[in-house]
Amino acid sequence: MVDITAGGIVGKENTTLVYAIQHPLSCIYNTGDSRDWYTQDESYLNNTLWGEGTVKSNYDPCPQGWRVPADKTWGDYVLSTTQYYSMGAPGAEVRHQTNGRVYASLTWYPACGNRNRESGLISSVGYSTAFWEITPLGVWGRGVYFDMTTINPNTSGSRANGMVVRCVQE
């Protein structure tokens, strides 16, 4: 983990792109106002880093044939469509001990937490998670958030937050 303000992280192009390519397993966090891992200057934000919904970019973290989901992929998810699993057994009890949700019995979403943009630390494991979508919302990233009592299919958050990428087939 490395703070974006550390020396040598932001390059002469005012972004962390070169550093991120050279250190693909590093987590770049940001305690500053831009809330972005890519730049400290909002005029250098890259809204097409993962593509624009129609074209997969070279920086999309998903494998060939897969991509970061488009905007509002999870738009039809609401609390009434969820079933909870606790240690692999179905149930309806809503508590932090449950460890995932299943939608229409077709897929399972683990409550794997997220990485905080200010510290780089992982939190909320087993309680909540958020998944990225490709389309940003202004200076914010966009995706779906859920915990064991809430789901927000159109959430926004700091781009420097470490949220899950759940790839979808192209």
### Query
So how do Asp60, Asp36, Asp71 line up by other beta-carbon neighbours within 10 Å, fewest first?
Asp71, Asp60, Asp36
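Using 0.36 nm per residue, how much length does the chain from Ser119 to Met1 gain when fully extended, once their Cα-Cα distance is taken away? The partial results should precede the final answer.
On the way: separation 118, 0.36 × 118 = 42.48 nm, distance 0.87 nm.
My answer for the length gained is 41.6 nm.
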### Query
If we count every other residue with Cβ under 11 angstrom of Leu49's Cβ, Lys/Arg +1 and Asp/Glu -1, where does the sum land?
-2
### Query
For segment 1-61, what is the convex hull volume of its Cα atoms per residue in Å³?
88 Å³
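What is the gain in length, in nm to one decimal, between Asp147 and Gln169 on full extension, counting 0.36 nm per residue of separation less the C-alpha to C-alpha distance?
On the way: separation 22, 0.36 × 22 = 7.92 nm, distance 2.53 nm.
Contour length minus Cα-Cα distance gives 5.4 nm.
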#### Entry: Cut-off 20 Å (backbone N to label point 7 Å along Cα→Cβ of Glu42), residues of segment 133-170
135-143, 155-161
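Values in this text are rule-based calculations from the coordinates and carry no lab data. Quick caveat: nothing in here was measured; it's all calculated off a predicted structure. Virtual Cβ from ideal backbone geometry, glycine too; neighbours counted across all protein chains shown.
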